Ligand SMILES: Nc1ncnc2c1ncn2[C@@H]1O[C@H](COP(=O)(O)OP(=O)(O)OP(=O)(O)O)[C@@H](O)[C@H]1O
């Protein structure tokens, strides 16, 4: 389990996060949503200790500060929103970076097998020998996701995958493929926390959602509890309607206002 208690992040006089409390259970796909500047990436940075915080972060019943770097490298992995754009290596070697915690000089057979499986998972096998720098934005993104899956492919339990906007640049097919792959990962008793802007994908895939605004928790619960018309319209300051998804029966958010008939008639006389 991952348990966050009274987390605060201040930079100089600015409060980036205030009194954040939540937990992620093994088997749970957790989604963090909120408008631009809400503090979503900052929260993930706290979970990887890239930023100073006060409060408690307990991972598997132990303060994350007590974990060794070596064990964390095999138990927790993060996909960052801004990954390195220029890497003069073939795709399979970029994915092999995820296996660096597992070998010293030369990858063993298991590492090679894991890289191949991870490339398959993100449907990048056909690109394995291609130069990373020649890939499209979405393809590069899938290489880094394969790297994260490779990093956490081991016998440890209750692993934590942190993904900061992993769906940017991906078309609808790969958005669903990636979320299904993460779902497969958590179903094995692991945990994932994903920052995303697409509320409808959050509604379809999240077990629980944390909605942040201005560094504070607005709502925390299952998609039906969090994604109500009033909350979403207020937090995003935009008109919306929440309906039931006709196929998935999850909340479906439609943004915009009803156009009056006269306007529609003027457009299509
Ligand atoms: N190192 C920093 N120093 C000062 N302010 C910061 C720092 N890092 C982030 N901030 C500010 O904290 C706020 C939250 O930033 P954060 O990147 O966490 O937002 P976000 O919810 O991920 O936004 P987005 O949806 O735009 O990616 C922003 O107003 C940002 O300008």
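Here, each number is a calculation from the coordinates, and none is a lab measurement. In this text the structure is predicted, and so the values were computed from the model without any measurement. Reconstructed Cβ throughout: ideal geometry from the backbone, glycine too, with neighbour counts over all protein chains shown.
Assorted remarks:
- Share, in percent, of DSSP beta bridges within the chain that are antiparallel, nearest 5: 60
- Across q = 0.10, 0.16, 0.17 Å⁻¹, the chain modelled as identical point scatterers on its alpha-carbon atoms has Debye log10 I(q)/I(0) values of -0.55, -1.26, -1.37, in the order of the q list.
- Relative to the longest principal axis of the Cα atoms of the chain, the long axis of helix 172-187 makes an angle of roughly 60 degrees.
- Helices in the chain, meaning DSSP H runs of at least 4 residues, each add -39500 (n - 2.57). Divided by all residues, the mean residue ellipticity at 222 nm is -9500 deg cm²/dmol.
- Rounded to 5, the percent of DSSP beta bridges in segment 159-269 classed as antiparallel: 65
- Degrees separating the helix 137-151 axis from the principal Cα axis of the chain, which is the longest one: 50
- Separation of segment 86-100 and segment 1-26, taken as the distance between their Cα centroids, equals 33 angstrom.
- Label-point separation in nm, residue 259 to residue 81, each point 7 Å along Cα→Cβ: 3.2
- Whether segment 1-121 is rounded, prolate or oblate, judged on the alpha carbon gyration tensor where a/c under 1.5 counts as rounded: prolate
- Cα-based shape type of segment 22-72, given that a ≥ b ≥ c are square roots of the gyration tensor eigenvalues and the cut on a/c is 1.5: oblate
- Note: relative contact order over segment 2-223, using C-alpha pairs below 8 Å and six or more positions apart, is 32 percent.
- Cα-based helix-to-principal-axis angle, 109-121 vs the chain, degrees rounded to 10: 20
- For the pair segment 171-213 and segment 231-250, the centres of their Cα atoms are 17 angstrom apart.
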